[in-house]
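Single-structure report; data block below.
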Amino acid sequence: MLWVPSKARCPRQGPCRRLPVPPALPPGDPVLRVAAVASGWARPPHRLLLRLLEPTAGRIVFDGEVLTDLSRAELQKRRARTQIVFQDPFASLNSRRSVGAILGEPLLIHRQAPLQSRQQRVADHFALVGLPAEAATRYPHEFSGGQRQPIAIARALALSPDFIVCDEAVSSLDVSVQAQIIALLKDLQRDLGLTYLFISHNLAVVRHISNRLAVMDAGRIVEIGETDAVFARPRHPYTRLLIASLPVEHPSLRRPRGVQADEATEDAVGARGCAFAARCPHADRICRAKRPPLRHVAEGWSVACHHAETTG
Ligand code: SF4
């Protein structure tokens, strides 16, 4: 279980943007986060989770262990269980090393396999993502984008983690390749019992891979629940806006958005009330005066809106 108290803060983003990670991620339960397009606030929190950034306050708890209290050596051991797949497979793979060396590096650093068995482990991980063992001798530039992201996934799997952050892992790929990578991630999750924190701006992708969905606006979770239930009846106006923005088969099927698609402004983020109030048709005096807490509205479903029951 991963747990991040909301008062954990990012040193680069300043104190007003609280860490918006769902309160608990059960094993094998892929949880998605959807952030405002180009907000950039979706990114630092997962770097805090992996302690690529150091939080200035709060605690991060993983499987009962307080990650923020770990020493450097302890953290290195822990990192074997928490891995990341970055957005851009063209930038995240070292172009000067063969992909076999790239996949073998985590094993070498964590001393998990002697040289003899390392090559076999690398070949096994290639097989997991559908690449031939001969690929180990080739360099990243010899692969297409659709082949590079499976290599990045294989690297993330090298240490047999149980939790993987997928940071916009398919957004730089063609749509057909996206479908392949999503299918691969789902297969791996089923076979290896992985838990994903899948960060994406694309709700259509999110719908296909997750069974729980967390929607963020202005750096905070505004709605979290079962993906199918949220899509069927979104209760937060921002979630409704995102779903209404999805492409439809025919213009006559388009749903009314009802709200403006603008991002939250700095003023809105720092305001006392709801950060969505300036864009929300349901905003009233209470919304502008008091920030809505994330509150339980149904089994496994929470919404940060004062009027979730009446407008949803
Ligand atoms: S709290 Fe008010 S302003 Fe915020 S989303 Fe709900 S109805 Fe709209």
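Here are some notes:
- Search result, residues across region 135-156 that are of a type in the set (A, V, I, L, M) and surrounded by fewer than 21 Cβ atoms within 10 Å (Cβ to Cβ): Ala136
- Test: residue in region 203-226 that is buried (at least 16 other Cβ atoms within 10 Å of the Cβ), in the same structural domain as Arg121 (by TED's automatic domain parsing) and more than 30 Å from His307 (Cα to Cα): no
- Taking the criterion of being within 17 Å of the chain's Cα centre (by Cα), over 20 Å from Gln112 (Cβ atoms) and not in a helix (DSSP H, G or I), the residues of region 137-171 that qualify are Val165, Cys166, Asp167, Glu168, Ala169, Val170, Ser171.
- Residues of region 281-298 that are part of a loop (DSSP other than H, G, I, E, B) and at pLDDT 90 or above: His282, Ala283, Asp284, Lys290, Arg291, Pro292, Pro293, Leu294.
- Helices (runs of 4 or more DSSP H) wholly inside region 77-129 containing at least 1 residues that are more than 13 Å from Arg148 (Cα to Cα): 99-109, 115-128
- Any hit, region 239-252, residues being assigned to a loop (DSSP other than H, G, I, E, B), farther than 17 Å from Thr310 by Cα and at pLDDT below 65: no
- Selection status of Phe231, modelled with pLDDT of 90 or more and more than 11 Å from the ligand (Cβ to nearest atom): yes
The values are calculated or read from the model by the stated rules, or taken from the named source; none is laboratory data. Keep in mind that what you see is a predicted model, and the values were worked out from it rather than measured. Note that we place each Cβ from the backbone using ideal geometry, even for glycine, and neighbour counts take in every protein chain shown.
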